[in-house]
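Before we start, here is the structure in question, set down as structure tokens.
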Amino acid sequence: MQFRRMLAVQRLVCGPYPVRCLATVAQEASAKIMEGPLSVYNNYIAESRLQYDDYQKEIVNELQRCYEEVTTYTPPTPLNALQKFLGWQREVSPPKGVYIWGTVGTGKTRLMDLFFECVPVNKKRRVHFNYFMLEVHKRIHAEKKNIKKIHAPDQARYFEPDGTYTINHRPYDPIPPVARGIADESWLICFDEFQVTDIGDAMILKRLFTELFNNGIIVIATGNRKPEDLYKNGLQRSNFLPFIPILKSHCKVMNLDSGIDYRTKHLSGSKKVFFIKSECDADAEVKALFKLFSAEETDIVRPRILTYGGRSVTFQKTCGGVLDSTFEELCNRPLGACDYIQLCHVFHTIFIRDIPVLNQRSKSQARRFITLIDTFYDNKARIVCTCDVAHTHIFRGDEGHSEFVDKESLMLMDDLGLQEKSQSTKALNIFTGEEEMFAFDRTISRLSQMMTQEYWQEYESQKR
């Protein structure tokens, strides 16, 4: 009787031929595994949506390897209290991720997104690295606030020569629980623009990613520099260096440098959204565009105060999802990535008027502008700009300012006990703008793409 019931259920699920049905299911599962980034890439080539590139194909093959391993991977479960007490250790051997580095515009992000979109994983995340690290610091701060008092077993007693002893509280490390929380939310993380420019990030990366990898996460990342050149010439880089072998041991490092900037190949079809003041009446052009975009909004032109994260930032001219701002408003004030991300959440089109030529004397503004464009690009925000020069000539870091040390750098030199006259400023690479000049190549390339019809149409397609 029980056998007949089982057979009836099996026929309901699989039809009158259960054996054949099970074989078909197995074939479909196998076919699904093979429908990875390689198949999608080949289809894009056949449909002329992408141009065939030998360098890209090699990267796609590696992403296909990762895809096939990820589809059969199950991350480890955390140890319970008894297992931790008994000193058990988890054996974690996740598939190796991929770290793709190379010059700007070669398609690194496009290939990573192709992988991300087709990989059948629920707990996956695609995030800009700067935004991720901002989030990590917030989590660490929150974890420290929630810490309870340390009990006696967690204290260390040290006997002094005079017979007395000192009790030192064992310092609490918030990174393990933070890493556990991140891994619980997403065990496959795709990082766009993996770069390290902040000393605060550099000091925690080794411990953070050691814990993340111990929790079984897999990393796919893109960056402009190979791992050995991350945080190059940064302060206290010796403390950062142990992170490099950890990253390399968990990610296959691959260079994508075909010498082609695909972002600039479509400039012939560019939308006129970047106005050079010497070539036209730039103010009149952007005034007309602002009026056109505002007509589509259900709002009036007005100042607006954005309040978030315990702070308020005022902009003088907005209309619904359109912001008419100046370079001074965006880059001369102490704003950062979290502020620019907030702008992307509120506005879909942002006017940036009066972009100046940037050099060593405007290093702080240059850094903010780099972060601004990176954030807007990553969030698909549309921009309209006016500038004194073409976008390819905004940053001029090689015009005789290599010996100039700005006020901000002089203060930092004083804090470090460095004397300007005691050694060549050229040797102090942290003050030469090398990192900004390297990052600005990416900024110029992204500006080029943000001027194209293809980029602007991405917003239109998302809106529909």
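The values are calculated or read from the model by the stated rules, or taken from the named source; none is laboratory data. Given the structure is predicted, the values throughout are model-derived calculations rather than measurements. Here the Cβ positions follow ideal geometry from the backbone for every residue, glycine too, while neighbour counts run over all protein chains shown. Protein only, heavy atoms only, side chains kept; ligands, DNA and RNA dropped before computing areas. Shrake-Rupley method; radii C 1.70, N 1.55, O 1.52, S 1.80 Å.
Please go through the stretch 202-250 and give me each residue that is of a type outside the set (A, V, I, L, M), outside any helix (DSSP H, G or I) and under 19 Å from P94 (Cβ atoms), ordered by number.
N215, G216
Having 2 or more residues that are open to solvent by 70 Å² or more (accessible area, probe 1.4 Å) and modelled with pLDDT under 90 is the bar; report the helices (runs of 4 or more DSSP H) wholly within the stretch 104-189 that clear it.
129-145
Hey, another quick one. Look at the stretch 346-390 and say how many of its residues are in contact (Cβ under 8 Å) with a residue 24 or more places away in the chain and under 23 Å from Q195 (Cα atoms).
Within the stretch 346-390, residues that are in contact (Cβ under 8 Å) with a residue 24 or more places away in the chain and under 23 Å from Q195 (Cα atoms) number 22.
Tally the residues that are among the acidic types (D, E), modelled with pLDDT under 90 and surrounded by 13 or more Cβ atoms within 10 Å (Cβ to Cβ), restricting the search to the stretch 41-62.
Number of matching residues: 1.
When you go through S249, S258, S268 one by one, which is the residue that is over 18 Å from the mean Cα position of the chain (by Cα), at pLDDT 80 or above and polar (S, T, N, Q)?
Answer to the check: S249.
Which residue pairs have Cβ atoms under 9 Å apart, sit 6 or more places apart or on different chains, and have a first residue in the stretch 127-149 that is within 19 Å of A202 (Cα to Cα) and free of Cβ contacts under 8 Å to residues at least 24 places away in the same chain and a second that is open to solvent by less than 50 Å² (accessible area, probe 1.4 Å) and in a helix (DSSP H, G or I)?
E135/I182
On to the next question. Kindly state which strands (runs of 3 or more DSSP E) lie completely within the stretch 276-384 and contain at least 3 residues that are crowded, with 20+ Cβ neighbours inside 10 Å.
Counting at least 3 such residues, we get 311-319, 322-326, 349-355.
If I go through the stretch 63-97 residue by residue, how many of them are in a helix (DSSP H, G or I), modelled with pLDDT of 90 or more and open to solvent by 50 Å² or more (accessible area, probe 1.4 Å)?
Residues in the stretch 63-97 being in a helix (DSSP H, G or I), modelled with pLDDT of 90 or more and open to solvent by 50 Å² or more (accessible area, probe 1.4 Å): 3 in total.
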